[in-house]
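Undergrad: Just dropping this structure here.
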């Protein structure tokens, strides 16, 4: 039986790869056609307000979003045909929309870094129609290929990695493009108040990250339900409590981005504080919610809490750190904990399922 399951999994993986290649080939032709029509008879820089890089990013985002959605719909159809119970249609639409935005946002940020770096390497270069068309076509094909594969192989582990890359990239991009060079003397939330590209990046990063956490909560608790069923014969009610705690954290994080600090200070601080409080309570209560979970992970969580407490003490009353430094330390530890939690859950689920 295990060899049969492994064979089916390998067959499915080959089919997904084949479909991804076909989709990428179609995206290459479509993107190339768009590039040819838009850039016909022109010479454009690699990166500027209007450039080959900007066109490649726009085409890649649109094509990539289509490829991701197509793959997600195909995965849902195959789940129905195999007898699995897929997510409800509203849940499927929400998950696909949020994850599509997360993926294309990462694509856009990577494209921005890539093309701006190329422009710095080839200063003064302007590319002709043929060269620009090829760059746009390759961008569309790569976007379609990787996003099709990502949608076809979504797991909690991959989502946690995606979330980490997206959050760190978005915040770093916001910090490096802000028009206020002294933002760090106040706090992180100032990044969302400048009404420029940096502010838009910061707020959208928090909103999309929050939405993705609500989806990740579903994947993680589904794995935990499998683990508890294998461990004690049934899914414990604590799993649902854990799920809604993670969903609440995601919703509150999105609200931090939706309500900038300069527009509604009390609401902004309330949702930000509420998110941290729920997370700390969850870290403390997790051992009671998940008996049998690895003790090493609980010890790590307590160590993280101590580090956050020390950082808070160094901020106030000692005054060694300012608020930005404290927020940076706390957020890094919290999201590191979340990623490690997801990976540990995947590990215990795999072990329990193989018995």
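The values are calculated or read from the model by the stated rules, or taken from the named source; none is laboratory data. This structure is a prediction, so every number in the text was calculated from the model and none was measured. With ideal geometry, Cβ positions are generated from the backbone for all residues, glycine too; neighbour counts draw on all protein chains shown.
Undergrad: Looking only at residues that are more than 21 Å from residue 155 (Cα to Cα) and without any contact (Cβ under 8 Å) to a residue 24 or more places away in the chain in region 184-229, which one is surrounded by the fewest Cβ atoms within 10 Å (Cβ to Cβ)?
TA: Among them, the one singled out is 195.
Undergrad: Continuing with this model, one more query. For the condition without any contact (Cβ under 8 Å) to a residue 24 or more places away in the chain and farther than 21 Å from residue 217 by Cβ, what is the one hit in 326, 298? Spell out the reasoning first.
TA: Details: 298 fails: farther than 21 Å from residue 217 by Cβ.
Testing whether each residue is without any contact (Cβ under 8 Å) to a residue 24 or more places away in the chain and farther than 21 Å from residue 217 by Cβ leaves just 326.
Undergrad: Next question, about the same structure. Only residues that are in contact with a strand residue (DSSP E or B) (Cβ under 8 Å, 6 or more places away or on another chain) and outside any helix (DSSP H, G or I): list them for region 90-128, please.
TA: 125, 126, 127
Undergrad: Looking only at region 331-344, decide whether some residue is on the phi > 0 side of the Ramachandran plot, in the same structural domain as residue 170 (by TED's automatic domain parsing), in contact with a helix residue (DSSP H, G or I) (Cβ under 7 Å, 6 or more places away or on another chain) and touching a residue at least 60 places away in the same chain (Cβ under 8 Å). Walk me through it before giving the result.
TA: So in region 331-344, the residues on the phi > 0 side of the Ramachandran plot come out as none.
Within region 331-344, not a single residue is on the phi > 0 side of the Ramachandran plot, in the same structural domain as residue 170 (by TED's automatic domain parsing), in contact with a helix residue (DSSP H, G or I) (Cβ under 7 Å, 6 or more places away or on another chain) and touching a residue at least 60 places away in the same chain (Cβ under 8 Å).
Matching residues to (1) at pLDDT below 90; (2) loosely packed, with under 14 Cβ neighbours inside 10 Å:
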position	(1), (2)
231	yes, no
237	yes, yes
253	no, no
271	no, no
276	yes, no
290	yes, no
337	no, no
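Undergrad: Still on this structure, please answer the following. Residues that are outside the structural domain of residue 94 (by TED's automatic domain parsing), farther than 19 Å from residue 252 by Cβ and more than 15 Å from the chain's Cα centre (by Cα): which helices (runs of 4 or more DSSP H) entirely in region 129-234 hold 2 or more of them? Working first, answer last.
TA: Working: elements: 129-152, 156-177, 197-232.
By residue number, 156-177, 197-232.
Undergrad: With crowded, with 18+ Cβ neighbours inside 10 Å and modelled with pLDDT of 90 or more as the only criterion, which of 341, 313 stands out?
TA: Values: 313 fails: crowded, with 18+ Cβ neighbours inside 10 Å.
Going through 341, 313 in turn, the sole match is 341.
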